[in-house]
Amino acid sequence: QVQLVESGGGLVQAGESLRLSCALSGSIFRINAMAWYRQAPGNQRELVASITSGGNTNYVDSVKGRFAISRDNAKNTLYLQMNNLKPEDTAVYYCNANYQRTLFSGYVNVWGQGTPVTVSS
């Protein structure tokens with residue numbers, strides 16, 4: 001069973017930093033991409049940052065210059081460095097992996113349970 005376990009969320013003041021971690025476990029043939037999403041109460045879940053198997057990254061405009069997504073393949077862990085946090089960053093952050101189970105399988109998405117981030121003003 002493929003599983004994503006997230007950690008690192010918490011309560012911080014505006015301007016502070018957090019580093020989210022997402023540990024992947026289970027049998028996977030190939031990861032196409034991994035990403036961080038977030039969802040605030042009453043809002044739609046939005047894509048915050050993504051990273052492809054080739055290392056290409058993409059960010060939503062609101063976090064550009066403040067957040068950085070990275071991956072440690074040896075540890076099977078995805079990170080999101082969040083600097084200069086703002087109250088509007090408050091949300092539950094979810095890790096997502098788009099992966100291929102076997103050579104002949106299609107791609108499948110798996111989600112973490114989410115880790116809450118609260119930024120006070």
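The values are calculated or read from the model by the stated rules, or taken from the named source; none is laboratory data. No experiment lies behind these values; they were computed from the predicted model shown. Every residue, glycine among them, receives a Cβ derived from its backbone with ideal geometry; neighbour counts consider all protein chains shown. Only protein heavy atoms, including side chains, enter the accessible area calculation; ligands, DNA and RNA are left aside. Shrake-Rupley method; radii C 1.70, N 1.55, O 1.52, S 1.80 Å.
A few comments on the model shown:
- Across the range 43-57, the number of residues qualifying as part of a loop (DSSP other than H, G, I, E, B) and at pLDDT 95 or above comes to 4.
- ARG38 being among the basic types (Lys, Arg), at pLDDT below 95 and under 17 Å from TRP111 (Cα atoms): no
- Top-ranked residue of the range 86-97 - restricted to ones that are in contact with a Gly (Cβ under 7 Å, 6 or more places away or on another chain) and not aromatic (Phe, Trp, Tyr), ranked as farthest from MET34 (Cα to Cα): VAL92
- Checked against (1) touching a residue at least 24 places away in the same chain (Cβ under 8 Å); (2) open to solvent by 50 Å² or more (accessible area, probe 1.4 Å); (3) within 16 Å of GLY112 (Cα to Cα), LEU47 meets all criteria but (1).
- Long-range neighbours under 9 Å by Cβ, at least six apart or interchain, first residue crowded, with 17+ Cβ neighbours inside 10 Å within the range 10-35, second part of a strand (DSSP E or B) and of a type in the set (Lys, Arg): ILE31/ARG71; MET34/ARG71
- Within the range 58-112, considering residues that are part of a strand (DSSP E or B) and in contact with a Pro (Cβ under 9 Å, 6 or more places away or on another chain), the one surrounded by the most Cβ atoms within 10 Å (Cβ to Cβ): TYR93
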